[in-house]
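Inspection log for the structure reproduced underneath, given as structure tokens.
The values are calculated or read from the model by the stated rules, or taken from the named source; none is laboratory data. The shown structure was predicted, so the numbers you read here are calculated from the model rather than taken from an experiment. Glycine also receives a Cβ, built like all others from the backbone with ideal geometry; neighbour counts cover every protein chain displayed. These accessible areas exclude ligands, DNA and RNA; they are computed on the full protein's heavy atoms, side chains included. Shrake-Rupley method; radii C 1.70, N 1.55, O 1.52, S 1.80 Å.
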Amino acid sequence: MNQLFINGNWTPAESGQSLDVIDPATGEVFATIARGAGVDVDRAVIAAQGALQGDWSRMTATERGRILSRIGELVLANIDELAQLESRDTGKPISTARNDIQVLARYFEFYGGAADKVHGEVIPFLHGYQALMSREPLGVTAHIIPWNYPAQMVGRSVAPALAMGNAAVLKPSEDACLTPLRIAALAAEAGLPAGAMNVVTGLGEEAGAALAAHPGIAFVTFTGSNEVGTLVQAAAARNHVKVALELGGKSPQVVFDDADLDRALPIIIKAIAQNAGQTCAAGSRLLLQDGIYEKFVAKVADAFGGIRVGLPANDRDCGPLINLSQLERVKGYIERAKRDGIPVLAEGRLDANLPEGGYYVTPVLFGPVAADNALANEEVFGPVLSVQRFSDEAEAIALANGTPYGLVAAVWTENGARQVRVAKAIRAGQVFVNCYGAGGGVELPFGGVKGSGHGREKGLLALEEMSSPKTIVQYHA
Ligand code: NAD
């Protein structure tokens with residue numbers, strides 16, 4: 001896959017250079033990708049502009065929707081191949097990868113069905129005038145996505161943009177390009193016109209930076225780290241381009257004394273073990289009320305100790321982390337927490353005989369963690385769960401809101417009034433009550449407040465985000 005996908009064709013980077021693709025399970029190179037840069041981004045933007053002048057722009061919303069639905073069908077028809085590719089490229093357990101491909105298909109199905117259901121408005125106005133508001137494509141949309149859920153991110157980001165008639169330039173993470181490239185090929189096979197979806201692989205500081213700063217784009221949706229999100233927003237601002245930022249999280253699971261603990265336990269464990277904790281919406285903080293603290297923390301420790309880490313093909317709870325720098329970062333947090341004297345309540349287990357070069361880390365449960373410790377405030381992006389303790393509702397809310405982030409939260413209580421009060425008081429883009437979905441549900445608008453970003457993807461709201469309202473006023477008296 002040492003090529004870019006531009007204007008419906010496979011093409012090498014202008015520089016002819018490539019980048020190695022490393023298998024996180026072994027640390028060994030198993031493929032290469034093209035090292036696209038500014039000149040390749042130019043080609044992709046020009047191709048997208050061409051699609052906006054050509055067949056793609058003349059299609060009805062129904063026709064666009066049919067193509068998206070066909071992409072979803074082709075994704076499902078190729079699920080085994082795509083899941084293998086995703087698992088190999090990212091290190092995620094094969095059943096997780098398979099689930100991700102199903103979600104990818106679901107995005108195309110959902111936005112395929114929605115494409116022709118976005119209606120405008122007739123606005124009551126002055127006598128003798130008719131006022132309308134329609135939703136138009138923004139133009140060329142830029143999609144910069146991370147490595148943790150590459151397949152899902154293509155669906156989440158590109159499908160609504162296409163549904164609204166935009167033409168997309170996708171820049172996947174240099175650590176996870178293989179599935180996005182394969183999806184572009186399936187989209188072409190489904191009948192997506194040339195130029196409507198282009199993929200430029202390459203380094204963030206080269207291809208990514210060139211895309212964010214490109215004067216030919218009308219919108220950037222960026223999912224990734226806060227540091228890079230700031231750079232992307234600053235670059236886009238110079239062209240007055242609208243940006244959606246989907247950034248990090250430090251999502252709390254708030255468990256009150258009256259919670260259904262048996263229901264909560266497996267969901268809490270899964271919310272941190274999923275994708276080895278490399279999930280923006282990982283439930284990485286566990287806030288427990290005094291009355292159940294001792295009893296429940298023992299149960300959580302017991303279950304956490306059962307987390308197994310192994311080869312992606314062996315389908316344990318966690319696979320390896322994505323790369324060496326991520327491994328060093330997560331180990332750094334664990335070592336610092338130990339140095340700070342935070343008690344280790346439990347550790348997961350690595351399978352025996354894992355390849356030495358693979359990026360495996362032992363999951364750790366720490367607690368109690370002081371509210372001002374880095375572990376309670378910073379995104380680790382690994383299988384590390386911090387337990388904190390609270391006495392009453394006010395303290396629970398203060399702790400839940402006490403980080404720079406505001407992405408997702410969960411409230412566990414059987415008290416209906418408290419469910420509503422706490423859900424309303426927590427500052428986050430999504431709050432789950434007696435359940436948790438780490439970003440799950442393509443129907444559910446998703447995005448952050450505070451340091452978790454702004455803008456919304458998923459659900460019907462994404463269609464508003466990825467279109468431009470136009471008001472037309474017509475005098476007829
Ligand atoms: P990252 O910010 O390093 O990279 C994200 C993307 O930006 C990649 O495609 C990368 O190539 C590109 N990039 C890097 N430097 C760039 C630059 N100077 N200009 C333009 N683009 C550049 O993030 P990552 O390490 O791939 O992903 C992990 C982060 O993503 C975590 O912080 C996580 O919380 C966040 N994330 C958020 C969500 C969400 O929906 N809120 C989802 C997944 C991941």
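Rounded to whole Å, the principal axis extents of the Cα atoms in the range 4-247 read 72, 40, 32, largest first.
Here the translational diffusion coefficient of the range 105-191 follows from Stokes-Einstein with Rh set to the Kirkwood radius across Cα pairs; for 4 °C and 1.567 mPa s it amounts to 88 µm²/s.
Taking a Cβ cut-off of under 12 Å around Glu174, the surrounding Lys, Arg, Asp and Glu residues balance to a net charge of -3, with basic ones at +1 and acidic ones at -1. Amide H contacts for Leu345 (H built 1.01 Å from N in the peptide plane; partners 5 or more residues away or on another chain; cut-off under 5 Å): Leu365, Phe366, Gly367. Helix 61-77 and the long axis of the chain differ in direction by around 50°, with both axes built from C-alpha atoms.
Over the range 322-371, the hull volume per residue, using the convex hull of the C-alpha atoms, is 88 Å³.
Structural size metrics of the range 252-441, computed from C-alpha coordinates, are Rg and Dmax of 15.9, 52 Å. Peptides 445-452, 281-288 ranked from most to least packed by the mean count of surrounding Cβ atoms within 10 Å: 281-288, 445-452.
Rounded to the nearest Hz, the phi-derived 3J(HN,Hα) couplings of the range 347-356 under the Karplus curve 6.51 cos²θ - 1.76 cosθ + 1.60 (θ = phi - 60°) are 9, x, 10, 8, 4, 6, 6, 6, x, 4, where x marks glycine and proline.
The residue among Leu286, Val431, Gly306 whose Cα reaches farthest toward the positive pole of the charge dipole of the chain, with charges on the beta-carbon of Lys, Arg, Asp and Glu, is Val431.
The orientation-averaged projected area of the convex hull spanned by the Cα atoms of the chain comes to 23.6 nm².
Take the chain with all the other protein chains still there, run a 1.4 Å probe, and you get 39 Å² of accessible area per residue. Listed cross-link partners Lys250/Lys450; Lys171/Lys270; Lys242/Lys424; Lys117/Lys458; Lys171/Lys250; Lys171/Lys470 are compared with a 22 Å cut-off, the Cα-Cα value being larger for Lys171/Lys270; Lys242/Lys424; Lys171/Lys250; Lys171/Lys470. Counted over the chain, the DSSP beta bridges are approximately 40% antiparallel. Summing Cβ point charges (Lys, Arg +1; Asp, Glu -1) relative to the Cα centre of the chain gives a dipole of roughly 780 debye. Taking θ as phi - 60° and the Karplus parameters 6.51, -1.76 and 1.60, the scalar couplings of the range 48-54 work out to 5, 4, x, 4, 6, 9, x Hz in sequence order, x denoting glycine and proline. In vacuo Debye scattering of the range 395-465, one point per C-alpha: log10 I(q)/I(0) at q = 0.18, 0.24 Å⁻¹? Result of the Debye calculation: -0.71, -1.10.
For the range 1-142, how big is the tail of P(r) above 25 Å, as a whole percent of Cα pairs? Within the range 1-142, distances greater than 25 Å cover 51 percent of Cα pairs.
Projected onto its three principal axes, the C-alpha set of the range 358-426 covers 48, 22, 20 Å, listed from the longest axis down. For the pair Lys338 and Glu443, label points projected 7 Å from Cα toward Cβ lie 4.6 nm apart. Rolling a 1.4 Å probe over the protein heavy atoms of the chain, with every protein chain left in place, gives an accessible area that is 51 percent carbon and sulfur. The relative contact order of the range 252-441, computed from alpha carbon pairs under 8 Å that lie at least 6 residues apart in sequence, is 28 percent. Taking one equal scatterer on every alpha-carbon of the range 224-273, how large is log10 of I(q)/I(0) by Debye at q = 0.14, 0.29 1/Å? Log-scaled intensity ratios, in q order: -0.57, -1.08.
Axis angle, to the nearest 10 degrees, between helix 261-273 and the longest C-alpha principal axis of the chain: 60 degrees. Normalising the average separation of contacting C-alpha pairs (under 8 angstrom, six or more residues apart) by the number of residues puts the relative contact order of the range 343-475 at 15 percent. By the helix-only formula, in which each DSSP H run with n ≥ 4 contributes -39500 (n - 2.57) and the sum is divided by residues, the chain has a 222 nm mean residue ellipticity of -11500 deg cm²/dmol. Taken over the range 212-309, the percentage of Cα pairs per 10 Å bin, counting from 0 up to the bin with the maximum distance, is 15, 32, 20, 17, 13, 3. Roughly what angle does helix 226-237 make with the longest principal axis of the chain, taking Cα atoms, 0 to 90 degrees, to the nearest 10? With rounding to tens, the tilt is 20 degrees.
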